[in-house]
Amino acid sequence: MTGEVRRAHLRMVDESVYGFRYISLMNPEKFIGPGWSGNDEDTLEAIIQTGEVTLVEGPFDLVALRIAEPRLPSLCSLSKRMSDGHWDYLKILGVERLYPMFDVEKSRQGEAAMDRMEATHREFKVMPLRCPAKDPSDALKHPAKFEALRRTLTEALPAAFAATFTLDDDE
């Protein structure tokens, strides 16, 4: 929030060299808490005001969501598996409704993670959203899938939220 970079999340160019896809670089003395992407001041304020947030797996998916529907407060946990710290963070922000949109994979890992979230975190109203593409970032490559993503997100917005956040002509 201060503009000071405390953590970097990088995608490896060649997974075969190190055996993993992403790497996080951080100074543990300066970074305390769960890793999030997208928790800027405006997003946190929108989450606090609305009590809702859309969750995605990767930072490119977060960018796609924000292009498709900038009014929707969205975060990226950088993983399908959120730690207790992630859940505590959402509780502190006053989140009541979660809209997870995880990757659609043949293995069904994303869907299974959303099902687990719904079953184990009853303190939130979990309303999984199905992405019309493999993932939100993939929807950017296909105009019809992008429009379907935009519709899915717009329909997920409660009327009260849509009325609360309206963009002026100059925004």
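The values are calculated or read from the model by the stated rules, or taken from the named source; none is laboratory data. Predicted, not measured: the structure shown is a model, and the values here were computed from it. In this analysis, Cβ positions are derived from the backbone assuming ideal geometry, glycine residues included, and neighbour counts consider all displayed protein chains. With ligands, DNA and RNA removed, areas are computed over all heavy atoms of the protein, side chains included. Shrake-Rupley method; radii C 1.70, N 1.55, O 1.52, S 1.80 Å.
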Quiz prompt | Single unsatisfied condition, residue 37 versus (1) surrounded by fewer than 18 Cβ atoms within 10 Å (Cβ to Cβ); (2) at pLDDT below 85; (3) in contact with a helix residue (DSSP H, G or I) (Cβ under 9 Å, 6 or more places away or on another chain) | solution = (1)
Quiz item: Only one of (1) of a type outside the set (A, V, I, L, M); (2) in contact (Cβ under 8 Å) with a residue 60 or more places away in the chain; (3) within 22 Å of residue 82 (Cβ to Cβ) fails for residue 146. Which number is that?
Solution: (3)
Quiz item: Of the residues 43, 50, 54, which is open to solvent by less than 50 Å² (accessible area, probe 1.4 Å), closer than 19 Å to residue 109 by Cβ and either in contact with a Gly (Cβ under 8 Å, 6 or more places away or on another chain) or modelled with pLDDT of 85 or more (or both)?
Solution: 54
Quiz item: Out of the range 72-119, which residues are modelled with pLDDT of 85 or more and open to solvent by 40 Å² or more (accessible area, probe 1.4 Å)?
Solution: 84, 88, 89, 91, 92, 96, 97
Self-check item: Subset of the range 57-70 (residues that are buried (at least 17 other Cβ atoms within 10 Å of the Cβ) and touching a Phe, Trp or Tyr at 6+ places or on another chain (Cβ under 9 Å))
Solution: 57, 58, 61, 64, 68
Quiz item: In the list 168, 138, which residue meets the criterion of being surrounded by fewer than 13 Cβ atoms within 10 Å (Cβ to Cβ) and either modelled with pLDDT of 85 or more or assigned to a loop (DSSP other than H, G, I, E, B) (or both)?
Solution: 168
